[in-house]
Amino acid sequence: MDRIIFVVANYSREGGGVAVVLGIETSCDETGVGVVADGRVLGAALASSMDEHARFGGVVPEIAARAHLESLTPCLLSAMEQAQVKPGEIDAIAVTSGPGLATALQTGLAAAKALAFGWDKPLYGVHHLAGHVAADTLEHGPLPARSIALIVSGGHTSLLLLGDLARDPIVHLGDTVDDAAGEAFDKVARLLGLAYPGGPAVSRAALDGDRAAIAFPRAMLGQGYRFSFSGLKSAVARQVEREPDLSVPDVAASFQEAVVDVLTRKAVAACLEHGIDTLVIVGGVAANARLREVAAERCAAAGLALRVPPPALCTDNGLMIAAVGDLLVEAGHPAAALDLSADPSAPLTKAVCA
């Protein structure tokens with residue numbers, strides 16, 4: 001079906017004895033299925049219903065859930081065909097069980113339970129945000145013993161202190177107190193008359209703008225590692241109201257620079273304060289070219305290693321969930337029961353969500 005985009009990497013199952021994990025992601029408007037073994041990609045398929053939500057200016061849960069129903073089977077078949085695996089060769093099934101849209105989560109969870117029961121495979125409920133972190137391991141290999149992760153997605157902006165993702169608790173250094181960075185991008189795009197989703201639209205407009213044209217506020221700098229982007233969004237609204245003829249590219253570039261400045265300053269400061277030499281930036285907003293550029297500059301100046309997945313692994317996908325499942329299997333983590341429930345507001349304290 002025409003919604004499906006394939007993400008493939010070459011893989012050879014030499015030596016055998018490696019667990020093959022199938023991952024299913026349906027937390028929002030992307031239906032993702034991925035197959036991973038030993039931290040490497042076998043095959044994947046992704047279907048997005050984004051275009052069906054565009055006229056509403058945001059994701060409509062019931063539309064997303066129906067799209068998942070339509071896309072799950074084609075994605076499953078496509079991913080397994082690319083991976084060249086049969087049901088009997090799958091060793092475990094991982095699925096996003098939270099957080100996310102309730103009806104969307106339920107769709108993927110029901111499919112994963114059916115496969116686990118029908119194929120007699122262990123089931124792992126995975127935290128969506130841990131999946132974003134694990135996505136980086138598919139590109140750069142295992143995480144170091146300690147690292148700082150900056151998660152920047154549509155509804156979440158968090159600075160995390162990480163150990164072993166599969167075994168250790170996840171420590172929050174700071175989270176968003178109101179609008180996350182991705183939400184601010186969407187709302188500012190709407191203010192500027194740009195397309196949904198706002199992140200890519202603002203980023204494109206900013207290419208032709210002056211980043212120094214408007215001195216938008218840098219909220220909560222010097223106030224620990226919490227984030228606040230609601231005031232920045234309001235500042236953009238007031239600026240546009242006062243000067244309706246302002247250059248849209250200038251506003252977009254100045255807004256984007258304010259977000260990127262805060263994110264990178266806090267992330268680098270967290271690494272230095274905690275004596276950690278590796279920063280991992282993940283989530284949908286991590287695909288933003290200006291964020292990647294400034295983060296690279298500031299990490300280099302501070303002597304930090306920077307890890308950011310390629311853009312295709314930043315947005316929601318099934319591979320990131322399979323990657324967590326792969327780590328959990330390797331760590332000997334117990335499987336979930338088949339009565340595993342979805343948790344739309346699951347807190348991020350560990351990689352499993354059960």
Exercise for the section: Answer yes if at least one residue in the stretch 319-335 is outside any helix (DSSP H, G or I), without any contact (Cβ under 8 Å) to a residue 40 or more places away in the chain, open to solvent by 20 Å² or more (accessible area, probe 1.4 Å) and over 19 Å from residue 163 (Cβ atoms), and no otherwise. Expected result: yes
Completion exercise
For the stretch 46-72, pairs from a residue that is under 26 Å from residue 82 (Cα atoms) to a residue that is open to solvent by 70 Å² or more (accessible area, probe 1.4 Å) and of a type in the set (S, T, N, Q), with Cβ under 8 Å and 6 or more apart or across chains, are 65/106
Fill in the blank from the handout: Counting only residues in the stretch 109-161 that are among the charged types (D, E, K, R) and touching a strand residue (DSSP E or B) at 6+ places or on another chain (Cβ under 6 Å), the one nearest to residue 80 (Cα to Cα) is identified as 121
Practice task
Name the one entry in 344, 311, 244 that is touching a Pro at 6+ places or on another chain (Cβ under 9 Å) and open to solvent by 50 Å² or more (accessible area, probe 1.4 Å).
Solution key: 344
Handout entry: Subset of the stretch 332-350 [within 21 Å of the chain's Cα centre (by Cα) and farther than 22 Å from residue 114 by Cα]
Key = 345, 346, 347, 348, 349, 350
Practice task
Give the residues of the stretch 184-210 that are of a type in the set (D, E, K, R), open to solvent by 60 Å² or more (accessible area, probe 1.4 Å) and within 19 Å of residue 237 (Cβ to Cβ), sorted by residue number.
Solution key: 187, 190
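Could you pull out the residue among 21, 41, 85, 33 that is farther than 20 Å from residue 182 by Cβ, open to solvent by less than 50 Å² (accessible area, probe 1.4 Å), assigned to a loop (DSSP other than H, G, I, E, B) and modelled with pLDDT of 95 or more?
On the way: 21 fails: assigned to a loop (DSSP other than H, G, I, E, B); 41 fails: assigned to a loop (DSSP other than H, G, I, E, B); 33 fails: assigned to a loop (DSSP other than H, G, I, E, B).
When all the criteria are applied, what remains is 85.
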Practice task
Kindly check whether there is at least one residue in the stretch 215-231 that is in contact (Cβ under 8 Å) with a residue 40 or more places away in the chain, buried (at least 19 other Cβ atoms within 10 Å of the Cβ) and under 30 Å from residue 40 (Cβ atoms).
Solution key: no
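The values are calculated or read from the model by the stated rules, or taken from the named source; none is laboratory data. This one's a predicted model, so the numbers in the text were calculated from it and none came from an experiment. We place every Cβ from the backbone using ideal geometry, glycine too, and count neighbours over all the protein chains shown. Note: areas computed on protein heavy atoms with side chains; ligands, DNA, RNA excluded. Shrake-Rupley method; radii C 1.70, N 1.55, O 1.52, S 1.80 Å.
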